[in-house]
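One structure is given below, encoded as structure tokens.
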Amino acid sequence: LLDLLAFNEKMAELGKMASGVVHELNTPLSVIVSATQMILREDELPDFVRELVERINLEAARLAELTKGVLSFSRVEGGGWREADVNQVLRDVMAFLRYEAQKRSVTVIEDLDFRLPFIAADGNRVKQVFINLIMNALQAMEEGGKLFLRTLPAEGARVMVQVADTGPGIPAATLERLFTPFFTTKGPEEGTGLGLFVTRKIMEGVGGTIAVESAVGEGTTFTLTFPVAE
Ligand code: ADP
């Protein structure tokens, strides 16, 4: 029991550190976003400069959006419940990540049940969960593939959301370490190893569940369930 307490304390400490780091990133990121916007207002830019600055602007805006998600997650503890429409949140996230899918020739296949009730969770936190899972799936399919997004009713007044990919899959030995902080198989520029750790924390926070199934060479499916709103 003592070990468990010490472990939980360490995790909480890591969480605090992470949100501190994320907070520090916010100011420089917004400077980059607004400075690049100002440059893009110039008429006389050579094409290659415009393209590069657009790219910087897009990536910085994406990072700013991600850090906002992590921050809102760490602030919410004890906050009031809000309701969210999982289909709407998924669509918002896909609008935001469409370019990342196209860039990798990934086909997005949506199978959404629009009769679903709202879930009892803050949409911003749910958005962060979807961004993390979908971004991981896309990064696993650099050579193209299919991304499946499904929403459906689940037992016990719950809503199920599945994010599945036809990427390389995850070996059984790795599956166990997936949700631990700083576990990553990506290079330092792409991976922090915090995505799934944060994702699981958020799911626990909203009374949800998260499970993963994977087969090497076939792909990976993440299954989430959320409690339905009253
Ligand atoms: P990060 O994305 O920064 O590496 P995550 O916690 O989000 O951190 O993911 C941890 C690791 O889990 C990834 O580095 C990757 O090896 C593996 N992973 C996560 N999602 C998938 C997926 N859909 N397909 C294959 N591997 C995955």
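None of the figures in this text is laboratory data; all of them are computed from the coordinates on show. The shown structure was predicted, so the numbers you read here are calculated from the model rather than taken from an experiment. With ideal geometry, Cβ positions are generated from the backbone for all residues, glycine too; neighbour counts draw on all protein chains shown.
For a quick check: with amide H placed at 1.01 Å from N, whose amide H comes under 5 Å from Arg82's, ignoring anything fewer than 5 positions away on the same chain?
For Arg82, the qualifying residues are Ala121, Asp122.
Please identify every one of the trypsin sites (Lys or Arg not before Pro) in region 21-70 that sits in a loop by DSSP and has no more than 13 other beta carbons within 10 Å of its own beta carbon.
Of the trypsin sites (Lys or Arg not before Pro), the ones in loops of region 21-70 whose Cβ has at most 13 other Cβ atoms within 10 Å are Arg41.
What are the membrane-span-like helices in the chain by this rule: whole DSSP H runs, Cα extent along the axis at least 18 Å, mean Kyte-Doolittle hydropathy at least 0.0? Walk me through the numbers on the way to the answer.
Values: long enough: 2-40 (56 Å, 0.68); 47-76 (44 Å, 0.19); 86-103 (25 Å, -0.18); 123-139 (23 Å, 0.31).
Membrane-span-like by this rule: 2-40, 47-76, 123-139.
Sorting Phe114, Phe148 on the 10 Å Cβ count, fewest up front, what's the list?
Phe114, Phe148
Once every Cα of region 166-230 carries one equal point scatterer and solvent is ignored, give the base-10 log of I(q)/I(0) from the Debye formula at q = 0.14, 0.15, 0.26 Å⁻¹, two decimals.
-0.47, -0.54, -1.19
If one computes the Cα centroid of region 29-60 and of region 197-230, what distance in Å separates the two points?
Region 29-60 and region 197-230 have Cα centres separated by 37 Å.
Looking at region 107-162, which trypsin sites (Lys or Arg not before Pro) are DSSP coil and have at most 11 other C-beta atoms within 10 Å of their C-beta?
Arg115
Between Gln88 and Thr174, how many nm apart are label points set 7 Å from Cα along the C-beta direction?
That separation, rounded to one decimal, is 3.7 nm.
Residue separation times 0.36 nm, minus the C-alpha to C-alpha distance between Glu230 and Asp47: what's the value? Walk me through the numbers on the way to the answer.
Working: separation 183, 0.36 × 183 = 65.88 nm, distance 5.38 nm.
Result for the pair: 60.5 nm of gain on full extension.
Assuming R0 = 30 Å, what is the FRET efficiency of Glu218 and Arg115, from their Cβ-Cβ distance, to the nearest 0.05?
Calculated value: 0.45.
Val108 to Phe182: extension gain in nm, 0.36 nm per residue of separation minus the Cα-Cα distance? Intermediate values should be presented prior to the final figure.
Working: separation 74, 0.36 × 74 = 26.64 nm, distance 2.85 nm.
Computed gain between Val108 and Phe182 is 23.8 nm.
Enumerate the whole-percent occupancy of each 5 Å bin, from 0 to the last occupied one, for all C-alpha pair distances of region 76-230.
P(r) over region 76-230, rounded to whole percents: 2, 9, 19, 23, 21, 15, 8, 3, 0.
Just want the ordering: Ser105, Ser30, from fewest to most Cβ atoms lying within 10 Å of their own Cβ.
Ser105, Ser30
Loop only per DSSP, at most 12 neighbouring Cβ atoms within 10 Å: give me the GluC sites (Glu not before Pro) in region 28-63, ordered by residue number.
Glu42, Glu44
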